[in-house]
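Here the structure comes first, spelled out in structure tokens, and everything after it is commentary.
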Amino acid sequence: MSVVARRAANPRPRGRPSRYLLATVIAGVVLVVMVGNSLLDYVYLDTIPGRTSLYGLIAVALVAVATYIGVRAFDRDPAQRSRHLIRAGVLLGLAALLWLLVSDAFLFAAAAGPGVAIACALACLPTTAFGLFVVRRIDRNEKEPWRLVLVSAAWGAIVATSLVIWGESFWEAVAVRTLVPGPGLDAARAFSAGLLEELGKGTAVLLLFLVMRNEFDDVVDGIVYGAAVGLGFNFMETLTYMTNLYAIFSPEGAGGIAAGFQWYARQVLGLFMGHATYTAFVGAGIGIARQLPSRRKKVVAIVTGFVVAIAAHFSWDAWLSFFPIETSVLGLIEVHLRTIVMTGPFTAGVVALLVLGLRNESVALSEQLRQEAAMDAGAVLPAEVEILANPWRRFRERLRALDRRGVGAYVRLARLQAAQLDLAMERWHRERQEIDAPLEAEDELRGQIRTLRQQAAF
Amino acid sequence: MGTLAVVAADQRDPVVTLYRTLLVYGLIALVILTAGLVEFLHFEPFGQTAGVHAHIAGVYLYDPANEQTSGPNRSTFARGEQFAAVVDWSGLPDNVTVQAVWYDSFGNIVGQVGPGKPSDLNARRIIPAEKPSGLKYHLPGEYIFAVERLEGGQPVAVLARRLIEVERT
């Protein structure tokens, strides 16, 4: 069996694949659009969001540098890695704080005040963190690294929001001056939100797909990254709506209720059924493209993912007014029903893709683990195959290690299992001829697994 | 035969099932976006702006007690100020049905005159923006005042428009 796998392997020469060039071009376009948007907004509109957009560039630059350092950290030896990670973490923290400061100072400070903005941010942090935790956990076979999940969320919160501010402002300015107010204008606004916001968020997933191919295996990974970007965007959007509505309704004595309702609608009810669902479709399209053989199908899958995300987002924004909410107790039921009816089918669609993807992944990994065990290379033992193929049995083994030798043994076994699944994943990609890494990388991984096995022995 | 073998292998690939599922979603998405486009075109039909324009004399402070405007024409107001638009209906032909509407920053209608023939609306030149029911102040943000032409009871064109900013503080 191993001979078949090796014959099917399609190692590429060392060096940067062409997709890096595409990623560089996309990143360059994003940068130019962002700087251009901000300057135009500031110079010509001179609005408060214009200033936010311009000064927010500093935060965006910090995120970019932090991302670069964070990714580079994993090419370094472990001694240097933690230093680089700390630097990246500090820069990300500064960027987040700066962005909050800028948003607060220029958008809402005068009305809502910095205390309200901080309170709103603190209210949204646990729910968004819970969302990211759940989204990462659903990839039960090979969890994505926290660094990439957090980078995705940071892109959604900071970069994507910056990208769309000017575009949406411009669209809005043109629409309210030219269109008949009412459903037509609502539809135009919904097209703007769906198109611009999904493009802004989806670019992050596309860049991850192009640059971090080793951490982007299939549709499951795409859904995880897409949902993480969506959760980040949802965090910043909730913050904006909460502070804005607080400022609007506080003179009426209802600022807290208005902000609290926004929090519940966006951070509880809509946590997974809003932006997370929309951008998960973008990720699903890119994840499916990752495993398709022809370039034409790859492009079709990616474009389709974006189109589905745009349509899902559009349908919510355009047709929300068809489901009015009464200002009575009945309204509490209606607001839940509205979200379930309007966004539920799309979330169910993402879940269906996720379940299919997880099933494909599990079947493929089981087969690859069996083949690896049959090679007798010492990376996967025959007795380990059934355990590794089952997330629950893996967990039980780790608990057994915890019970016998403590937390250290649990962590070491977890690392061993993760590396073994990495190897199975790499074998799967090689068999499908969808991998850049040379064949020797597999042997290096086997060596690492043997070392981890010695460390994990108990 | 070679092609058939490729197709057969392709069909066995579970990723193809995912791809086809995504394509089905894509078709549904296209239906949704087309419905949105149809809705947009229904409420924003082409070729409805031929020649007729209304004249908005201005937007002024408004006193609800005597139903009169005062002061200069303005484009920004405080949340606590009452304001109203003044429309000159006399320049419009009488064979069109028109209405004048205030939309607040949330898109709600907060003031309206019409629909009717321009001659019927001559007595109602002042159109105030009302505060939302239950609120003490106007919502902040951009208000739209539009004089609209109707066909079949539906607004099809804006004959005149003013954008008013209600300041946050």
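The values are calculated or read from the model by the stated rules, or taken from the named source; none is laboratory data. Predicted, not measured: the structure shown is a model, and the values here were computed from it. Cβ atoms come from the backbone with ideal geometry, glycine included; neighbour counts cover every protein chain shown. Areas reflect the complete protein model, heavy atoms only, side chains present, ligands, DNA and RNA absent. Shrake-Rupley method; radii C 1.70, N 1.55, O 1.52, S 1.80 Å.
Key figures for this structure:
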| quantity | calculated |
| --- | --- |
| Residues of region B:52-88 classified as part of a strand (DSSP E or B) and more than 16 Å from residue B:116 (Cα to Cα), total | 18 |
| Given (1) open to solvent by 10 Å² or more (accessible area, probe 1.4 Å); (2) within 14 Å of chain B (Cβ to nearest Cβ); (3) touching a residue at least 40 places away in the same chain (Cβ under 8 Å), number of the condition residue A:215 does not satisfy | (2) |
| Single residue of region B:89-125 satisfying the filter (in a strand (DSSP E or B) and surrounded by fewer than 16 Cβ atoms within 10 Å (Cβ to Cβ)) that is nearest to the other protein chains (Cβ to nearest Cβ) | B:109 |
| Top-ranked residue of region A:290-321 - restricted to ones that are aromatic (Phe, Trp, Tyr) and more than 7 Å from chain B (Cβ to nearest Cβ), ranked as surrounded by the fewest Cβ atoms within 10 Å (Cβ to Cβ) | A:319 |
| Exclusive hit being modelled with pLDDT under 95, over 30 Å from residue A:208 (Cα atoms) and surrounded by 23 or more Cβ atoms within 10 Å (Cβ to Cβ), set A:248, A:257 | A:248 |
| Selected residue (only one of B:38, B:7, B:24 is modelled with pLDDT under 90, within 14 Å of chain A (Cβ to nearest Cβ) and assigned to a helix (DSSP H, G or I)) | B:7 |
| Top-ranked residue in region B:138-154 [being closer than 15 Å to residue B:166 by Cα and assigned to a loop (DSSP other than H, G, I, E, B); ranked as farthest from the other protein chains (Cβ to nearest Cβ)] | B:138 |
| Enumeration of residues in region A:409-445 that are farther than 19 Å from residue A:364 by Cβ and either modelled with pLDDT of 90 or more or acidic (Asp, Glu) (or both) | A:409, A:410, A:411, A:412, A:413, A:414, A:415, A:416, A:440, A:443, A:444 |
| Tally, over region A:322-359, of residues that are away from chain B (no Cβ under 14 Å) and either at pLDDT 95 or above or not in a helix (DSSP H, G or I) (or both) | 1 |
| Sole residue being of a type in the set (Gly, Ala, Ser), modelled with pLDDT of 90 or more, surrounded by fewer than 19 Cβ atoms within 10 Å (Cβ to Cβ) and out of contact with any Asp or Glu (no Cβ under 7 Å at 6 or more places or on another chain), chosen from B:47, B:58 | B:58 |
| Odd one out for residue B:135, checked against (1) aliphatic (A, V, I, L, M); (2) facing another protein chain (nearest Cβ under 10 Å); (3) open to solvent by less than 20 Å² (accessible area, probe 1.4 Å) | (3) |
| Subset of region A:392-427 (residues that are free of Cβ contacts under 8 Å to residues at least 24 places away in the same chain and of a type outside the set (A, V, I, L, M, F, W, C)) | A:393, A:394, A:396, A:397, A:398, A:400, A:403, A:406, A:408, A:410, A:426 |
| Filter result (within 22 Å of residue B:90 (Cα to Cα) and surrounded by 14 or more Cβ atoms within 10 Å (Cβ to Cβ)) within region B:63-78 | B:69 |
| Leading residue by the ranking (farthest from residue B:83 (Cα to Cα)) among those in region B:138-155 that are crowded, with 17+ Cβ neighbours inside 10 Å and in contact with a helix residue (DSSP H, G or I) (Cβ under 9 Å, 6 or more places away or on another chain) | B:155 |
| Filter result for residue A:136 (modelled with pLDDT of 85 or more, touching a Leu at 6+ places or on another chain (Cβ under 8 Å) and either crowded, with 21+ Cβ neighbours inside 10 Å or part of a helix (DSSP H, G or I) (or both)) | no |
| Condition met for residue A:286 (part of a helix (DSSP H, G or I), over 30 Å from residue B:139 (Cα atoms) and within 11 Å of chain B (Cβ to nearest Cβ)) | yes |
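Condition check ((1) without any contact (Cβ under 8 Å) to a residue 40 or more places away in the chain; (2) open to solvent by less than 50 Å² (accessible area, probe 1.4 Å); (3) under 22 Å from residue A:435 (Cα atoms); (4) in contact with a strand residue (DSSP E or B) (Cβ under 6 Å, 6 or more places away or on another chain)) across all residues:
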{"position": "A:271", "(1), (2), (3), (4)": "no, yes, no, no"}
{"position": "A:330", "(1), (2), (3), (4)": "yes, no, no, no"}
{"position": "A:335", "(1), (2), (3), (4)": "no, yes, no, no"}
{"position": "A:377", "(1), (2), (3), (4)": "no, yes, yes, no"}
